[in-house]
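The values are calculated or read from the model by the stated rules, or taken from the named source; none is laboratory data. Bear in mind that the values here come from a model prediction, so they are computed numbers and not experimental data. Positions of Cβ are generated from backbone atoms using ideal geometry, with glycine treated the same way; all protein chains shown enter the neighbour counts.
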Amino acid sequence: MNRHSKTQKTIIVAMLAFLLVFVLSACGGKSEPVDASQLVGNWAEVDIDNTYTFNADGTGSEYFEGDSWDMTWTLDGNDLTLDFPETGVEEFTISLKGDTLKVKNLVTYTYKRQ
């Protein structure tokens, strides 16, 4: 193998690595900030008996398998904070597209507007 071929291969590998990093970073971009008014309403989790109600005044409730808990909520861009008097604070990152709400902490949950 001559010296030029090795240099060309090194350049090609470097360009491919750069392209891969660029593509992967584009996939992980943050979604558009959600306005709190877009969250107001009832949201049911797909395939599970779990529903959230978000009221415009920052109050709400969670209904899960026959039990219900009151809460307050705040939204800062994509950061949703739920404060349950009985159990404490839970924090999530959310994204909203149409009537589909994605809620993520360690796992991503999908909800549909009801």
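Filter the range 78-104 down to residues that are of a type in the set (A, V, I, L, M, F, W, C) and closer than 17 Å to residue 36 by Cβ and give me whichever is surrounded by the fewest Cβ atoms within 10 Å (Cβ to Cβ).
92
Enumerate the pairs (first residue in the range 85-106 and free of Cβ contacts under 8 Å to residues at least 60 places away in the same chain and farther than 16 Å from residue 75 by Cα; second residue anywhere and part of a strand (DSSP E or B) and hydrophobic (A, V, I, L, M, F, W, C)) with beta-carbon separation below 8 Å, excluding pairs fewer than 6 apart on the same chain, so at least 6 apart or on different chains.
So the pair list comes out as 85/71; 86/69; 87/69.
Quick one: which strands (runs of 3 or more DSSP E) sit completely within the range 64-111 and have at least 1 residues that are under 13 Å from residue 52 (Cα atoms) and in the same structural domain as residue 41 (by TED's automatic domain parsing)?
Per the criteria, 67-76, 79-84, 100-104.
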